[in-house]
Amino acid sequence: MREPDQLNLFPLSLRLTRIDPARNMRRFYSLQLQPNLFGGCTLIKEWGRIGSGGSVRHEAFEHEAQAVNALLAFERTKRRRGYCAA
């Protein structure tokens, strides 16, 4: 059984949206952290237009902390561009 640690305070998933009817913009980003078979962690990014399937990208990291840092950095970037939590 895994012991609780500091990483449990950070999000393991996140959904961001940006809706601007004047520009016909309805976009989303979905981010999830998943442990992988090699002891590391994978950041799964899905994005696209709300209502569509979207695109998916997987980024592998050796440590869960690195994946959490990547998720939080990505969140900061998208919030500066007008995305908000769904």
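Could you tell me the relative contact order of the chain? Use alpha-carbon pairs under 8 Å, at least six residues apart, and round to a whole percent.
27 percent
Using each residue's phi in the stretch 28-43, evaluate 6.51 cos²θ - 1.76 cosθ + 1.60 at θ = phi - 60° and report the 3J(HN,Hα) Karplus result to the nearest Hz, with x for Gly and Pro.
9, 10, 10, 10, 9, 9, 10, x, 10, 6, 9, x, x, 9, 10, 9
Size of the dipole of the chain about the Cα centre, Lys and Arg at +1 and Asp and Glu at -1 on the beta carbon, nothing else charged, in debye to 20?
Dipole size: approximately 760 debye.
Taking R0 as 22 Å, what's the FRET efficiency between Asp20 and Ile44 from their Cβ-Cβ distance, rounded to 0.05?
Approximately 0.30, to the nearest 0.05.
Going highest first, how would you order 72-79, 42-49, 53-60 by mean Cβ packing within 10 Å?
42-49, 72-79, 53-60
Would you calculate the convex hull of the Cα atoms in the chain and tell me its volume per residue in Å³?
About 106 Å³ per residue, rounded to a whole number.
Kindly express, to the nearest 10 degrees and within the range 0 to 90, the angle between helix 64-80's C-alpha long axis and the longest C-alpha principal axis of the chain.
That helix lies at roughly 20 degrees to the long axis.
Expressed in nm to one decimal, what extension gain is obtained for the pair Ala85 and His63 from 0.36 nm per residue of sequence separation less their Cα-Cα distance?
Extra length from Ala85 to His63 when fully extended: 5.4 nm.
Please name which of Pro11, Ile50, Asn69 has its Cα lying farthest along the dipole of the stretch 6-85 towards the positive end, using unit charges on Cβ (Lys, Arg +1; Asp, Glu -1) and the Cα centre as origin.
Toward the positive end, the furthest listed residue is Ile50.
FYI, it's all coordinate maths here, none of it is from the lab. From a predicted model like this one, the values you see are computed outputs, not experimental measurements. Here Cβ is always computed from backbone atoms with ideal geometry, including for glycine, and neighbour counts include all displayed protein chains.
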